[in-house]
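Please read the structure below before turning to the comments.
The values are calculated or read from the model by the stated rules, or taken from the named source; none is laboratory data. These numbers were taken from a predicted model, which means no experiment stands behind them. As a convention, Cβ positions derive from the backbone with ideal geometry for all residues, glycine included, and neighbour counts pool all protein chains shown.
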Amino acid sequence: MKARPHLDSVLAAARQLIIPSLAVLSAFVAGAVVVAAAGFNPVQTFAALLDGAFGSGINFTETLVKSTPYLFTGLGVAIAFRSRSFNIGAEGQFYMGALAVSWLGVAITGLPSFILIPLLLAAAFVAGGAYGAIPGYLKAKVGASEIVTTVMMNSIAVQIVSWIIKGPLQEPRHFYPETAEIVNAAKLPVLVPGTRLHLGLVIGLAMAVAAYILIFKTVLGFQIRAVGSGALAAEYAGINVRRNVVLAMAISGGLAGMGGAVELLGVTWKLYSNFSPGYGYSAIAVALLAKRNPLAVILTSLLFGALATGANNMQRAAEVPAMLASVMQALVIFFVLGYAVYEDRFARYWAERKPRDRGPHAAAAGKEAAGSNA
Amino acid sequence: MLEPLFSLTSIIALLSSTMRTTAPVLLAAIGGLFSDRSGVLSIGLEGFMLAGAFAGFVGAFYSGNLWIGIAAALIAGMLLAFVYAYFSVSVGSSQAVAGTGLVMLAAGATGFLNRVLFRSSGNFVRVTPFQPVAIPGLSRLPIIGQVLFTQNVLVYLAFALVPLTWFILYRTALGLQIRSVGEHAKAADTVGLNVTLTRYACVLVSGALGGLGGAYLSLAHANTFIEMMTAERGYMAFAIIIFGKYNPWGAMGASLLFGLADALQLKLQVAGVPVPYEFLLMFPYVLTLAAMVMAGKTTAPAALGSAYKKN
């Protein structure tokens with residue numbers, strides 16, 4: 001009997017993987033149908049995709065490099081989602097973080113890396129966080145739909161960047177529409193020589209652990225989750241709903257902003273138009289597939305990084321437009337939603353299966369687990 | 001330089017242009033109004049519009065007939081709307097998630113298909129757009145003749161839908177049914193109204209009109225399809241419905257305000273005012289933000305956003 005709780009938790013964790021895996025598998029099958037319908041060879045296409053993502057050591061490090069921004073934005077969206085705030089603004093917040101370090105990374109000189117880099121990341125967190133807190137505040141204060149406000153703020157951010165790279169922050173020769181390259185001390189160190197794999201991945205993993213602790217082991221995390229499961233009940237329990245919505249959105253934006261900074265400090269070293277190919281939007285699928293669990297975001301962001309890297313190779317090798325990856329990301333969302341129904345039923349069945357073995361609260365806990373699915 | 005900007009001809013041109021920039025968002029907003037009033041968030045409008053813009057262009061381009069393009073846009077919008085209705089009404093998914101997923105699906109699919117179909121043609125593919133149709137007699141009226149009665153047929157249609165929608169929603173049994181389902185699904189169900197069917201129908205209407213609004217952009221405005229050409233107009237339509245207090249006349253007023261903002265920023269860009277064009281492009285987005293703040297918690301249908309499950 002002593003081994004039971006352990007076995008149960010392993011089984012529970014395994015059960016958690018079933019639906020996301022099925023969703024991904026289904027999206028691939030549907031993607032294959034789309035590819036075949038468009039007149040391409042699906043086997044060749046997906047072989048090129050897999051080869052691009054995992055085919056060699058260098059391809060795999062590229063996948064990790066690509067996964068890093070998804071990791072940050074995915075974490076951000078997952079945290080906002082915990083407070084039932086639907087942050088579609090990760091894209092704009094990502095840009096704001098990148099914008100902050102594209103400026104400070106050039107303006108601040110003479111600091112050693114171990115001071116400058118944390119400083120820049122903190123600045124990006126503040127920039128992205130402020131940009132996320134605004135829609136959070138508008139939602140909390142006047143009930144403005146955060147979906148609309150964040151979408152609008154994304155477009156505003158894109159226009160601000162488009163202006164600033166030709167205006168105040170344009171590179172000194174005023175020739176290219178981009179910012180000047182950041183100072184060397186601001187560049188993130190490369191982890192594996194000869195690749196582009198940089199320290200950002202490690203920072204991202206640390207952030208995932210930190211986000212997990214925040215959400216599940218702190219009072220603030222508890223309050224955010226309470227607001228997410230029911231604002232009215234949380235209000236009755238004495239939790240300040242508005243404050244927690246704003247905080248969740250600010251932390252969410254901060255993480256997305258850090259993602260923008262890490263991408264700039266680690267990969268591009270400067271800011272330009274289309275700096276993000278939609279890392280903020282894909283983050284919604286990343287977070288949903290991970291069931292808003294920060295540690296699971298590590299896995300789902302890796303998947304999305306692989307998909308993006310593989311899709312580029314697929315476009316080169318099989319001449320299938322890389323946009324296929326966006327279609328498959330969206331399909332993942334719908335399969336997650338569709339299968340959630342079966343997951344609910346399964347969780348209820350599981351909870352009611354052996355009520356005596358699992359204690360009196362098991363059924364209630366099962367219901368809660370069922371209800372927590374997006 | 002600013003002087004000719006405010007001459008009479010210039011103002012007439014601005015107002016006439018406002019009618020045309022209003023039409024696509026108004027079409028989408030009227031469609032979304034049906035969906036919202038029946039209790040289903042019209043958050044997928046951007047996706048319906050994108051699908052309509054693409055399907056409309058493809059249909060018109062290959063057939064050489066704009067009306068076949070319109071039919072294709074209606075079908076594409078309704079197909080996506082059916083997917084959205086399935087998840088938000090039948091499955092009972094979070095409408096925010098399903099709607100956003102839908103927009104991503106439409107963005108990905110139209111981008112993918114656009115590259116599959118038109119990647120080989122190096123030169124710009126375009127269609128001959130809808131032309132202005134002068135209404136006999138009325139178009140000769142001073143000023144308003146040019147502004148109101150010398151427009152393309154989709155503009156007339158968009159504005160004609162406003163009183164029609166008002167009539168349906170507030171003066172027919174069908175409208176009462178839609179509003180009842182959106183206010184209190186259980187009560188509506190109890191008195192024998194079919195909640196699921198009503199909501200499906202309303203979401204399909206929002207798909208059709210959203211698709212039509214998108215087709216306006218490719219067939220009457222840009223004369224071609226450009227990826228992401230809707231530029232968040234679907235989300236603006238969603239905001240317009242709220243700002244217009246879930247009423248067709250309010251939606252028309254709000255759409256005109258947005259149309260004016262859009263027409264004005266276009267005009268200022270062309271006039272070459274000494275402001276970076278990015279700030280002019282930002283204007284409609286900032287206006288939407290302001291509208292959302294001003295609208296605040298208005299008179300949303302009580303059951304808006306919540307799925308209804310029969311017990």
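Just one of the numbered conditions (1) of a type in the set (Asp, Glu); (2) out of contact with any Gly (no Cβ under 6 Å at 6 or more places or on another chain); (3) surrounded by fewer than 23 Cβ atoms within 10 Å (Cβ to Cβ); (4) in contact (Cβ under 8 Å) with a residue 60 or more places away in the chain is not true of residue B:227; which one?
Going through the list (1) of a type in the set (Asp, Glu); (2) out of contact with any Gly (no Cβ under 6 Å at 6 or more places or on another chain); (3) surrounded by fewer than 23 Cβ atoms within 10 Å (Cβ to Cβ); (4) in contact (Cβ under 8 Å) with a residue 60 or more places away in the chain, residue B:227 breaks only (2).
Just for the stretch A:157-179: of the residues that are modelled with pLDDT under 95 and either of a type in the set (A, V, I, L, M) or on the phi > 0 side of the Ramachandran plot (or both), which one is surrounded by the fewest Cβ atoms within 10 Å (Cβ to Cβ)?
A:174
Residues to consider are A:226, A:234, A:208, A:185; find the one that is more than 14 Å from chain B (Cβ to nearest Cβ), surrounded by fewer than 18 Cβ atoms within 10 Å (Cβ to Cβ) and not in a loop (DSSP other than H, G, I, E, B).
Going through A:226, A:234, A:208, A:185 in turn, the sole match is A:185.
Yes/no per residue for (1) among the hydroxyl-bearing types (Ser, Thr, Tyr); (2) more than 12 Å from chain B (Cβ to nearest Cβ):
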site: A:300; (1), (2): yes, yes
site: A:316; (1), (2): no, yes
site: A:332; (1), (2): no, no
site: A:339; (1), (2): yes, no
site: A:349; (1), (2): yes, yes
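Kindly establish whether residue B:102 is modelled with pLDDT of 95 or more, within 14 Å of chain A (Cβ to nearest Cβ), buried (at least 20 other Cβ atoms within 10 Å of the Cβ) and assigned to a helix (DSSP H, G or I).
Working: modelled with pLDDT of 95 or more: yes; within 14 Å of chain A (Cβ to nearest Cβ): yes; buried (at least 20 other Cβ atoms within 10 Å of the Cβ): yes; assigned to a helix (DSSP H, G or I): yes.
In short, yes.
With respect to residue B:225, determine if the residue is facing chain A (nearest Cβ under 9 Å), more than 18 Å from residue A:148 (Cβ to Cβ) and among the aromatic types (Phe, Trp, Tyr).
Details: facing chain A (nearest Cβ under 9 Å): no; more than 18 Å from residue A:148 (Cβ to Cβ): yes; among the aromatic types (Phe, Trp, Tyr): yes.
Answer is no for this residue.
If you go through the stretch A:77-89, how many residues are in contact with an Asp or Glu (Cβ under 6 Å, 6 or more places away or on another chain) and away from chain B (no Cβ under 14 Å)?
So the answer is 0.
Which residues, taken from the stretch B:182-204, are of a type in the set (Val, Ile, Thr) and surrounded by fewer than 22 Cβ atoms within 10 Å (Cβ to Cβ)?
Matches in the stretch B:182-204: B:190, B:191, B:196.
Assess whether residue A:80 counts as being modelled with pLDDT under 95, touching a Phe, Trp or Tyr at 6+ places or on another chain (Cβ under 8 Å) and either under 30 Å from residue A:95 (Cβ atoms) or part of a helix (DSSP H, G or I) (or both).
No: the conditions fail for residue A:80.
Condition check: in contact with a Ser or Thr (Cβ under 9 Å, 6 or more places away or on another chain) and either more than 20 Å from residue B:292 (Cα to Cα) or buried (at least 24 other Cβ atoms within 10 Å of the Cβ) (or both). Does residue A:99 satisfy that? Before the answer, list the steps.
Numbers: in contact with a Ser or Thr (Cβ under 9 Å, 6 or more places away or on another chain): yes; either more than 20 Å from residue B:292 (Cα to Cα) or buried (at least 24 other Cβ atoms within 10 Å of the Cβ) (or both): yes.
When the stated conditions are applied, residue A:99 passes them.
Checking the conditions here, which among A:325, A:311 is in the same structural domain as residue A:36 (by TED's automatic domain parsing) and either buried (at least 20 other Cβ atoms within 10 Å of the Cβ) or touching a helix residue (DSSP H, G or I) at 6+ places or on another chain (Cβ under 6 Å) (or both)?
A:325
Going by what's in this entry, would residue B:251 be described as part of a loop (DSSP other than H, G, I, E, B) and small (Gly, Ala, Ser)?
Against the criterion (part of a loop (DSSP other than H, G, I, E, B) and small (Gly, Ala, Ser)), residue B:251 does not qualify.
Among the residues that make up the stretch B:156-176, is at least one of them surrounded by fewer than 20 Cβ atoms within 10 Å (Cβ to Cβ) and under 26 Å from residue B:58 (Cβ atoms)?
yes
Name the residues in the stretch A:237-274 that are surrounded by 24 or more Cβ atoms within 10 Å (Cβ to Cβ) and either within 14 Å of chain B (Cβ to nearest Cβ) or outside any helix (DSSP H, G or I) (or both), would you?
A:271 - this is the single residue of the stretch A:237-274 that is surrounded by 24 or more Cβ atoms within 10 Å (Cβ to Cβ) and either within 14 Å of chain B (Cβ to nearest Cβ) or outside any helix (DSSP H, G or I) (or both).
Out of B:71, B:107, which single residue is buried (at least 23 other Cβ atoms within 10 Å of the Cβ), out of contact with any strand residue (DSSP E or B) (no Cβ under 7 Å at 6 or more places or on another chain) and of a type in the set (Gly, Ala, Ser)?
Step by step, each of B:71, B:107 is checked, and only B:107 is buried (at least 23 other Cβ atoms within 10 Å of the Cβ), out of contact with any strand residue (DSSP E or B) (no Cβ under 7 Å at 6 or more places or on another chain) and of a type in the set (Gly, Ala, Ser).
Residues of the stretch A:153-182 being touching a Lys or Arg at 6+ places or on another chain (Cβ under 7 Å) and either part of a helix (DSSP H, G or I) or acidic (Asp, Glu) (or both), which ones?
Scanning the stretch A:153-182 gives A:178, A:181.
When you scan the stretch B:283-296, do you find a residue that is of a type in the set (Phe, Trp, Tyr) and more than 7 Å from chain A (Cβ to nearest Cβ), even just one? I'd like the intermediate steps shown before the answer.
To start, the set of residues in the stretch B:283-296 that are of a type in the set (Phe, Trp, Tyr) comprises B:283, B:285.
Narrowing further to those that are more than 7 Å from chain A (Cβ to nearest Cβ): B:283.
Scanning the stretch B:283-296, I find at least one residue that is of a type in the set (Phe, Trp, Tyr) and more than 7 Å from chain A (Cβ to nearest Cβ), so the answer is yes.
Quick check on the stretch A:156-175: of everything there that is in contact (Cβ under 8 Å) with a residue 12 or more places away in the chain and of a type outside the set (Val, Ile, Thr), which residue is farthest from the other protein chains (Cβ to nearest Cβ)?
Across the stretch A:156-175, the extreme among qualifying residues is A:171.
Take the stretch A:140-149 and flag every residue that is of a type in the set (A, V, I, L, M, F, W, C) and either part of a loop (DSSP other than H, G, I, E, B) or facing chain B (nearest Cβ under 9 Å) (or both). Lay out the reasoning, then the answer.
First pass over the stretch A:140-149, keeping only residues of a type in the set (A, V, I, L, M, F, W, C): A:140, A:142, A:144, A:147-148.
Scanning the stretch A:140-149 gives A:142, A:144, A:147, A:148.
Condition check ((1) assigned to a loop (DSSP other than H, G, I, E, B); (2) more than 14 Å from chain B (Cβ to nearest Cβ); (3) of a type in the set (Ser, Thr, Tyr); (4) more than 28 Å from residue B:229 (Cα to Cα)) across all residues:
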position	(1), (2), (3), (4)
A:75	no, yes, no, yes
A:91	no, no, no, no
A:96	no, yes, no, no
A:104	no, yes, no, yes
A:127	no, yes, no, yes
A:131	no, no, yes, no
A:138	no, no, no, no
A:151	no, no, no, no
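Given the conditions (1) in contact with a strand residue (DSSP E or B) (Cβ under 9 Å, 6 or more places away or on another chain); (2) closer than 16 Å to residue A:135 by Cβ, and given that residue A:196 satisfies all but one, which numbered condition is not satisfied?
(2)
I'm told residue B:270 meets every condition in (1) surrounded by fewer than 16 Cβ atoms within 10 Å (Cβ to Cβ); (2) touching a Leu at 6+ places or on another chain (Cβ under 9 Å); (3) β-branched (Val, Ile, Thr) except one. Can you identify the failing condition by its number?
Every listed condition holds for residue B:270 apart from (2).
Is there a residue in the stretch B:113-121 that is away from chain A (no Cβ under 14 Å) and farther than 22 Å from residue B:199 by Cα? I'd like the intermediate steps shown before the answer.
Filtering the stretch B:113-121 down to residues away from chain A (no Cβ under 14 Å) leaves B:121.
Narrowing further to those that are farther than 22 Å from residue B:199 by Cα: B:121.
So far as the stretch B:113-121 goes, yes, one or more of its residues are away from chain A (no Cβ under 14 Å) and farther than 22 Å from residue B:199 by Cα.
Name the residue, out of B:167, B:159, that is within 19 Å of residue B:26 (Cα to Cα) and either without any contact (Cβ under 8 Å) to a residue 24 or more places away in the chain or not in a helix (DSSP H, G or I) (or both).
B:167
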